[in-house]
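Accompanying notes for the structure given below.
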Amino acid sequence: MDFNEIEAKEGVRLSWNVWPNNRVEATKCVVPLGAFVTPAKHLPDMPVVPYEPVRCRSCGACLNPFSRVDYVGKIWICPFCYSRNHFPPHYASIAENNLPAELFPNYTSIEYQLPQQAAVTAPVYLLVVDTCLAEDDLGALKASLTQVHVHELGFQDCSKSYVFRGSKEVSMAKIQDQLGMRGIQGRPAAQGQPAGGSNAGIDRFLLPLSDCEFQLSGVLEELQSDAFPATPEDRASRCTGIAMQVAVGLLGAGAAGTAGRVLLFLGGPCTEGPGAIVGKKKDEAIRQHKDINKDTVPYYKKAKKFYEAMSTELVKNGHVVDIFACALDQVGLAEMKIICERTGGVSVLAEGFHHQMFKESFRRLISREGASEASLGLAARGTFEVIPSRDVKVAGVIGPCAPLDKKSQAVADTPVGMGGTTAWRLCGLDAASTICCFFEVANPKADDKQGSPPQQQQFFLQFVTTRQLPSGEVRLRATTMTRAWTDGTNTQHLVAGFDQEASAMENDDEFDPMRWIDRKLINVAKRFGEFRKDDPQSFQLAPNMSIFPQFMFNLRRSQFVQVFNNSPDETAHYRMILQREGVVSSLIMI
């Protein structure tokens, strides 16, 4: 079984391609039942059709090649819940020799172009720039973080900005009052045009680039270093937390429900107000891993709580945060990673803003989307939903998303990662964004009379993703797949469907990850290895599992698990990247 070929066709990769038919035997497999889904992966053979999907009235699953169709009665039976559904009127001509694309056997993944419900609004980019930098590193990236300036791009007579004190938390109402936006709800009309008079409301701050290019260039050219430079024994006075709070409030007041990104450019740690990670005096060291483990850090928990609340607001409005941390010192990425992680943003670490890593990453992020390989395939305002067979329950996911409160009978009792739901919000995603889904077999025991043993010899999974492209077009992708059940005691069948590369990437965040990896590897070898008692040389694993121990060995030694010689910021950065990349890219990094 060529798992890479299956992934190229479906954009999905499973750790086990044959599943035990009861929960007890599934637990004995040690490696979780999981799937790596890349919702926006480029699939060359996938069709894109210009109409809406036909969905089951009971479970919401999309019509797919595994559905049973009655061509005479114009009825189809859902393979997930076995409900009988009538075809809509425009499917009246359906026949065995006249099938829609979604019923073709080789089109298990298909995309639909959804009709636009409202006027298309261009994506919003809001820049948060650090000005407490060295003169040679200032360039086009600065903003005074002792005070936070919000520049009014719609005022053409001269440069105009609003100043917020960086030492106190600012409420949404206060932000709106000071910016003169009280009562403004959402952006005005399409293409950034105001609904009322000019310069009224949010259009004073968020304008199409064509309308404010001169003002924006002038603002960037006039940026100066912090007007209150730090003394040699003090750190610069940065109020990153308040700057982000104002940015999130501004974007939420003027562009809620619109694709938007906050680009944060950081050159040092926050030392003022909410979100501070260290004091101003340089004799106070920035927290390290040992300090966090011993709970001797006065700022860490407060800063994390502050950014967790901010991430909730960002997810509610559907906005993304990208962090460019360009400094030799730590900047607080460990505390603020949640606002990047839950919104699907990117994080970039570099030595300075003149470093090629920053320049190339920033160029690719803001470049126009196209067919070139340099394109990231950015999308926004997405949702991700998992629809399983009755015999399968969804335990949760790990990846660049946030849970939505969608309850159903398919939710597992024991959550893994972000669980308790079957749907998640994708504020932002790209062609490589990958979500790891965990599943649970519904039948508790093989001999449980009250359990519901699998109805058939196979089960089905459907992954439904919606996303908005930069052009404003909304796409829905439905990927449907089927795999076989087997008796859990038949290890040969299980091993034949084992994907050792995908399984190496399924790891939970434990207090002691190295000990956890060791236990799992020992249990896998104990369950599936073949050996003669008292003869160590006789031990062997099946070919499908032979490289799995090597993957675990390298993972154990990697910077994703080991924290020695890495700062908390570096560890947070590495783990964020690992949790959003696919199987192949993750293995290369390990």
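The values are calculated or read from the model by the stated rules, or taken from the named source; none is laboratory data. Keep in mind that this is a model prediction, so the values were computed, not measured. Neighbour counts are summed over all protein chains in view; Cβ atoms, including those assigned to glycine, are modelled from backbone coordinates with ideal geometry. Side chains included, ligands, DNA and RNA excluded: accessible areas come from the protein's heavy atoms. Shrake-Rupley method; radii C 1.70, N 1.55, O 1.52, S 1.80 Å.
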### Query
What part of the accessible area of the chain, given as a whole %, is carbon or sulfur when the probe is 1.4 angstrom?
51
### Task
Subtracting the Cα-Cα distance from 0.36 nm times the residue separation, let me have the gained length for VAL163 to ALA431 in nm, one decimal.
92.6 nm
#### Entry: Probe 1.4 Å, protein heavy atoms only - accessible area per residue of the chain in square angstrom
47
### Message
Given the -39500 (n - 2.57) contribution per DSSP H run of 4+ residues, what per-residue ellipticity at 222 nm results for the chain, rounded to the nearest 500 deg cm²/dmol?
### Response
-7500 deg cm²/dmol
### Query
What ranking, highest mean first, results for peptides 241-250, 309-318 when packing means the other Cβ atoms within 10 Å averaged over each residue?
241-250, 309-318
### Summary
Karplus ³J(HN,Hα) for segment 279-285 (6.51 cos²θ - 1.76 cosθ + 1.60, θ = phi - 60°; Hz, whole; x = Gly/Pro) runs x, 6, 5, 6, 6, 8, 6
### Task
Quickly work out the ALA101-to-ASP512 label distance, labels modelled 7 Å from Cα along the C-beta direction, and quote it in nm with one decimal.
5.4
### Query
Label ILE547 and PHE228 with points 7 Å out from Cα along Cα→Cβ: what is the distance between them in nm?
5.7
### Estimated FRET transfer efficiency (TYR82, ALA484; beta-carbon r; R0 25 Å; 0.05)
0.85
### Residue list for segment 205-249, given a label point 7 angstrom along the Cα-to-Cβ vector of ALA134 and an amide N cut-off under 20 Å
224-238
#### Entry: Semi-axis lengths, Å, the chain, gyration tensor of Cα atoms, sqrt of 5 times eigenvalues
45, 33, 19
#### Entry: Stokes-Einstein D in µm²/s, Kirkwood radius over Cα pairs - segment 469-564 at 37 °C with 0.692 mPa s viscosity
200
### Message
For the chain, what does the relative contact order come out to in percent, with C-alpha contacts under 8 Å and a separation of six or more?
### Response
18
### Query
In the full protein assembly as shown, how much of ILE366 is accessible to a 1.4 Å probe, in Å² to the nearest 10?
80
### Message
Run the simple label-point estimate for ALA92 and ALA309 please: 7 Å along Cα→C-beta, distance reported in nm.
### Response
5.9
#### Entry: Violating pairs (Cα-Cα greater than 26 angstrom) within the set LYS9/LYS359; LYS174/LYS294; LYS174/LYS302; LYS28/LYS294
LYS9/LYS359; LYS174/LYS294; LYS28/LYS294
### Query
So how much accessible area does MET514 have, in Å² to the nearest 10, using a 1.4 Å probe?
50
### Query
Which order, highest average first, do 350-356, 7-13 follow once you tally other Cβ atoms within 10 Å for each residue and take the mean per peptide?
7-13, 350-356
### Message
For a Förster distance of 22 Å, can you work out the FRET efficiency between the beta-carbons of LEU404 and GLN113, rounded to the nearest 0.05?
### Response
0.40
